[in-house]
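Computed from the coordinates by the stated procedures, all read-outs in this text should not be read as laboratory data. This structure is a prediction, so every number in the text was calculated from the model and none was measured. Quick reminder, even Gly has a Cβ in these numbers, built from the backbone with ideal geometry, and neighbours come from all protein chains shown.
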Amino acid sequence: MSTPLGGKVEDDILSLRHQLMNWLFTPLYLLLLFSIVTGYIAALQLSNQPYDLALIERARLMASRFDHADHILQPADLLPDGAAHLSFTVFDARGAVMLANASLPHPRPRDLSATGPVLRNVTLSGEKVRLLILRFDSTRREPGVHFVLAVSEPIHNRLVLGRSILGNIVIPQFIFILIAGIAVWIGLKRGFSPLERLRCALARRPVNDLSPLDEAQVPGEVRPLIHELNGLITRLKIMLEHQRRFVANAAHQLRTPFAGLRAQAELAQREPVTEPVRYALEGICEGASRCNRLVEQLLALARNEPETRNVEAMAYIDLNRVAQGLAMEWAPEAVRQGIDLGFEGAVMPIPVCADEDGLRDMISNLIDNAIRYTPPGGQVTVLTGMDGDAWLRVEDNGPGIPVDERQNVFNRFYRIAGSGKHGSGLGLAIVAEVAQRFGARIEVSESVGGGAVFVVRFPLKTARGCKEL
Ligand SMILES: Nc1ncnc2c1ncn2[C@@H]1O[C@H](COP(=O)(O)OP(=O)(O)O)[C@@H](O)[C@H]1O
Ligand SMILES: [Mg+2]
């Protein structure tokens with residue numbers, strides 16, 4: 001049996017899992033972001049270093065060539081091999097351009113006061129470049145005079161190197177987080193599996209199973225919750241038991257006074273009384289009978305409630321014999337109501353795992369209903385048989401039960417309005433309780449004559465706790 005609770009628990013587990021994932025991965029993603037930013041800065045610095053060293057080396061070579069040249073140089077003569085991409089300008093001490101292959105900005109005074117080469121990124125004519133300023137003293141050309149060399153190099157190659165370093169840092173981190181995510185997801189799924197098992201066990205439980213949940217099977221964090229839940233189940237069980245006992249005791253206590261009332265009223269009816277008194281006495285008799293029946297039904301319900309029955313008391317009983325006996329017992333009432341009550345049993349005994357009182361309560365209520373709700377002149381047939389299961393069938397040609405009421409009629413105190421008959425609404429509730437205890441299924445349908453058909457199917461192998469034949 002599945003309950004609507006099942007889906008809800010699953011949803012909650014899911015959301016709990018998602019919450020945990022969120023709490024774990026949001027900081028992890030923030031960390032990853034932080035690491036990418038710092039990694040990017042570090043990668044750029046790392047990629048600058050070798051290029052800067054090479055640039056300084058080349059600038060020194062260029063400065064030395066400028067100083068040692070005896071003749072007037074062409075700009076291309078100053079560039080070392082493989083350095084054609086460099087732009088440079090040589091300034092003299094006053095800032096006049098001595099030699100250049102491009103017009104680089106004049107160095108700032110701050111750059112000139114530095115002892116070593118100065119390096120920084122600047123944008124020249126819309127292009128980002130690395131600019132080096134090198135102040136050098138002449139030893140050959142004009143000893144004691146200093147010159148300034150400005151060299152610029154496009155930063156494109158540095159960026160390519162920087163990105164490749166970044167890629168080498170970030171991609172493994174991404175893979176690491178992905179694997180961590182999968183591992184955490186699997187871990188959570190496994191961690192939640194005891195709860196999922198508990199949910200399945202709960203969903204499979206019969207409605208009347210109020211046994212405690214197994215605390216040992218759940219994780220320590222959930223154990224106190226299950227412990228409390230078990231406490232609640234126990235209290236509920238005790239309360240239900242009190243309630244059941246109260247109803248049974250009350251019904252039992254009412255039995256004798258109602259019987260007495262009826263006997264007294266019947267006695268009084270035999271006396272010569274006036275017409276209004278006789279009418280009143282008939283009313284009292286009728287009322288006492290109805291009360292008596294209600295009390296009997298309440299007692300039958302209390303008797304058949306699953307908690308009150310010991311499953312071990314069940315034994316194999318011949319369904320055929322019990323049904324036939326009851327059909328005979330109900331025959332006089334059927335005659336009184338003008339109903340043709342028939343029995344069509346199987347030739348062989350039909351063993352069902354049941355207890356005789358419960359079985360009698362069940363069949364009696366089905367026959368009672370069929371006779372009660374079928375108008376005079378109608379037919380009621382009780383049949384038994386065996387195909388895959390053992391079955392009992394009670395059918396009539398009365399008004400039948402509308403399709404949308406077929407589930408409701410098994411509820412306690414539920415009656416279909418307008419039947420014009422007296423009743424308590426407990427008969428089919430008793431039938432349902434008994435059937436559940438026997439592991440039997442009840443089907444309600446419509447007979448050929450438009451009446452009601454009740455079929456009770458007993459599984460052949462219920463044998464759990466059933467005494468052998
Ligand atoms: N054989 C039947 N034919 C028509 N209606 C029925 C039949 N059996 C049960 N019902 C309907 O189902 C309702 C519930 O039945 P039950 O639980 O036995 O209570 P009660 O007979 O005391 O009213 C009845 O009120 C009746 O309307
Ligand atoms: Mg009834």
Fill in the blank from the handout: Contour minus Cα-Cα span, Glu196 to Leu232, at 0.36 nm per residue, comes to 10.9 nm
Completion exercise
Filtering trypsin sites (Lys or Arg not before Pro) in the range 37-96 by DSSP loop and by at most 16 other Cβ atoms within 10 Å leaves Arg94
Practice task
From zero up to wherever the largest Cα-Cα distance of the range 312-458 sits, split into 5 Å bins and tell me the percent of pairs in each.
Solution key: 2, 10, 20, 24, 22, 14, 6, 2, 0
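Could you line up Phe458, Phe192 from fewest to most neighbouring Cβ atoms inside 10 Å? Write down the numbers at each step before the final one.
Values: Phe458 22, Phe192 18.
The most exposed by this proxy come first: Phe192, Phe458.
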Practice task
Return the aspartates and glutamates within reach of Lys421: Cα separation strictly under 14 angstrom, same-chain partners fewer than 8 residues apart disregarded; answer none if there are no such residues.
Solution key: Glu286, Asp368
Completion exercise
Non-local residues with an amide H under 5 Å from the amide H of Leu124, with H modelled 1.01 Å from N and Pro and chain starts lacking one, are Val129
Completion exercise
With +1 at each Lys and Arg Cβ and -1 at each Asp and Glu Cβ, the charge dipole magnitude of the chain around its Cα centre, to the nearest 20 debye, comes out at 1520
Fill in the blank from the handout: Note, Ala100: beta-carbon cut-off 14 Å, +1 each Lys/Arg, -1 each Asp/Glu, net -2
Practice task
First obtain the Kirkwood hydrodynamic radius of the range 150-252 from its Cα pairs, then insert it into the Stokes-Einstein equation at 37 °C and 0.692 mPa s, and state the resulting D in µm² per second as a whole number.
Solution key: 167
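If contacts are Cα pairs under 8 angstrom and at least 6 residues apart, what is the relative contact order of the chain in percent?
On the way: 624 pairs, mean separation 49.7, N = 469.
Contact order relative to length: 11 percent.
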Completion exercise
In the neighbourhood of Asp111 defined by beta carbon distances under 10 Å, the net charge of the other residues (Lys, Arg +1; Asp, Glu -1) is +4
Fill in the blank from the handout: Once phi for every residue in the range 241-256 is put through the Karplus expression 6.51 cos²θ - 1.76 cosθ + 1.60 (θ = phi - 60°), the whole-Hz ³J(HN,Hα) values, with Gly and Pro written as x, are 5, 4, 5, 4, 5, 4, 4, 5, 5, 4, 4, 5, 5, 7, 4, 5
Handout entry: In the range 104-162, the trypsin sites (Lys or Arg not before Pro) that fall in loop regions by DSSP, at most 12 other Cβ within 10 Å
Key = Arg140
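Taking the range 181-238, which GluC sites (Glu not before Pro) meet the DSSP loop condition and have no more than 13 other C-beta atoms within 10 Å? Please list the in-between numbers first.
Working: sites: Glu196, Glu215, Glu221, Glu228; in loops: Glu221.
In loop regions of the range 181-238 (DSSP not H, G, I, E or B), the sparsely surrounded GluC sites (Glu not before Pro) are Glu221.
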Practice task
Report ³J(HN,Hα) in whole Hz for each residue of the range 48-60, in order, from the Karplus equation J = 6.51 cos²θ - 1.76 cosθ + 1.60 where θ = phi - 60°; Gly and Pro get x.
Solution key: 5, 3, x, 5, 5, 4, 5, 5, 4, 4, 5, 5, 5
Fill in the blank from the handout: Listing Leu28, Leu301, Leu294 by rising number of other beta-carbon atoms within 10 angstrom, fewest first, gives Leu28, Leu294, Leu301
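Arrange the following residues from fewest to most other Cβ atoms within 10 Å of their Cβ: Trp23, Trp185.
Working: Trp23 10, Trp185 15.
Starting with the residue having the fewest Cβ neighbours, the order is Trp23, Trp185.
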Practice task
Select from Thr89, Asn304, Val382 the residue farthest towards the positive end of the dipole of the chain; place +1 on Cβ of Lys and Arg, -1 on Cβ of Asp and Glu, and compute about the Cα centre.
Solution key: Thr89
Handout entry: Cα pair distances in the chain, grouped into 20 Å bins until the bin that holds the longest one, percent each
Key = 16, 27, 15, 11, 11, 13, 7, 1, 0
Exercise for the section: Identify unpaired cysteines across the chain, taking unpaired to mean no other cysteine Cβ lies under 4.7 Å from the residue's Cβ. Expected result: Cys200, Cys285, Cys291
Exercise for the section: Give me the net charge of Arg270's neighbourhood, meaning all other residues with Cβ under 13 Å from the Cβ of Arg270; Lys, Arg count +1, Asp, Glu -1. Expected result: -2
